[in-house]
């Protein structure tokens, strides 16, 4: 069952428990940065909103300016068309030009409408303008005809002009009094419209023959004339009430300029009349002319006083243009103010956004710098700890286990962190742990060294006694003729040989090599026979198909010991009535694969993996060695000479196969073999099926892959495997050739065959 406390601690681990230190610091510093970003974002949003509002105001001012010009030119078209239309000159250039100007203003207005903000108020006002525009064509066609009387014609343009004039109420963004600004512009537009109606109706009264008017039409025109004269005064009062001091100054200056231009026009007209020899009568002022016309004074009497259609139209036009100028000044002022506010708002938005982003970036960079400063120390500490635990300490322990601990430099280099903060304290603590681990490793190495010394001393003492015992047994065998006694002596001889092998196991455990070495190459078949002689049940061992190859003399003692351990396991863990087969195969690259087959109960797959792991990498000496001493010795001996050993299941129902791969460096060809050429060796290597096996045999892969490739090679039918046609150096012994131990005899012949495989027929190992 799992540990409950561990499970509780795991459940209680916070979400950020596995985060690096740098990430945690950034997360902590991210909170105030986010707050600052939110606050700064709100400020930037306000600036952007102001910018957007100001930009909308700019487009509204452009719309109002286009609307005012459209309205002014529309009513000016009406005024200019009075005389031509009343005199039946509908094709006059003056009318055409006036209408062309109005149509051009309509197109400019349409473009401004397309750019305007889509607010409900503007959309409603534009809809009213469109309704008035729809009637303009009919007004133009019916103006001053029987279908539309004079007053109706003059007032019909109001359906177009008035909705355009009302757009002025949308102005005033950024002014101190938004409603007052729009009201002022509306008042001057109203005054201009009234002045235009006065001009249009007055000109109509002065041009048309009053006797031709329908009954009541003259009275209607005079009443309208007087009402619009009053409306102009109302408009001026509204302007004065809504406008500022600057607005009133602008109005007075505009009217004074108009009066001055009127005097100049009058003087010019008088000079022209005198030059033409005509009598010139100076017209009275605008107020007097309006009063005279409004009173219904006859046209002849008005002309005698200098009030003609031309003089009245010119005087009224001066007032119309003055109001138009004020109107233009106000719209331009509103547009300029909106542009200024939009520019400031855009600049503020950009500056605020830049400041917010720069502040956030600086804060993040500072946080990253602090985080990197701390995490760098942590990473250095972690890297040093991993290096110590993963490389330096294991290498030191391995060096102590291979050499005298007193000759190994056990000084500990401190972790290169000199700070006095918590990271530095952890580094010093780890240095203490490192020193303690090195001290303990040294003590363990000395303990293992002492244990190896005990093994070696015990082995040497036992070896000397076993050698004396073997010499005595050999002397008794040479002088014994009784078959039964000789059989007992042979058994005693084998037991002594096994005891000597166990003593040599102690030498291997202690890391010692045999005191006496063999210096002459020995045939492989003799090596196998010598290994068989050290096995108790040597009669069950059947060598077959061994190639004629010789083993290097320096490898012979250890190879005999290695094969003896494997043969011992094969005989012990198989039925006493079965045979243990030993065969060998020369591989194309010069290596020799020795196979030991038994018919035992076999092992589980996980057992094979565990044993092969120990054979490939022998563990250190511990308590478990006593239970698997033979496999440990085999691994140590194989590692000493680069021999690869592996166990695998037999292809039959039960049993195990021990594979021993002898490298080419320990194998010599037979004395009568021809040397292999490099070309032939490469050709043979390339005939091996599968590039993986070829690479493994060439040293390019793990030895286990070579075993796998060899097994696949062995599965091919005999005679069809690549490399079967080998060079003369790869000859084999006949399959039916048996060692003397395989055919015991009776009497003296039996004695000879019994002694033949004994280990004293191979080099003594001390």
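Quick note: the coordinates plus some simple rules give every number you see, no bench work behind them. This one's a predicted model, so the numbers in the text were calculated from it and none came from an experiment. Positions of Cβ are backbone-derived with ideal geometry, glycine not excepted, and every protein chain shown enters the neighbour counts.
Whole Å is fine, so just give me how far the alpha carbon centre of the range 330-391 lies from that of the range 126-159.
Comparing the Cα centres of the range 330-391 and the range 126-159, I get a distance of 63 Å.
Using the Cα gyration tensor of the range 212-269, with a ≥ b ≥ c the square roots of its eigenvalues, what is the shape: rounded (a/c below 1.5), prolate (a/b larger than b/c) or oblate (neither)?
In terms of gyration-tensor shape, oblate.
Please order 181, 144 by the number of other Cβ within 10 Å, starting at the fewest.
144, 181
Taking the number of other C-beta atoms within 10 Å as the exposure measure, put 148, 593 in order starting with the fewest.
Working: 148 17, 593 20.
Least to most surrounded, the residues fall as 148, 593.
Shape of the range 109-195 from its Cα gyration tensor (a ≥ b ≥ c, root eigenvalues): rounded if a/c is under 1.5, otherwise prolate when a/b > b/c, or oblate?
Oblate, since a/c reaches 1.5 and b/c is not below a/b.
Could you line up 239, 157 from fewest to most neighbouring Cβ atoms inside 10 Å?
239, 157
Kirkwood Rh, the range 37-353, all Cα pairs: how many Å?
Radius from the Kirkwood sum: 21.3 Å.
Among 195-204, 480-489, how do they line up from the highest to the lowest mean number of other beta-carbon atoms within 10 Å?
Result, highest mean Cβ count within 10 Å first: 195-204, 480-489.
Quick check: Cα centre of the range 186-218 to Cα centre of the range 547-566, how many Å?
The two parts, judged by their Cα centres, are 138 Å apart.
Compute the Cα gyration tensor for the range 527-567, then decide on rounded, prolate or oblate, letting a ≥ b ≥ c be the square roots of its eigenvalues: rounded whenever a/c is under 1.5, prolate when a/b is larger than b/c in the other cases, and oblate in all that remain.
Judged from the Cα gyration tensor, the range 527-567 comes out oblate (a/c at least 1.5, b/c at or above a/b).
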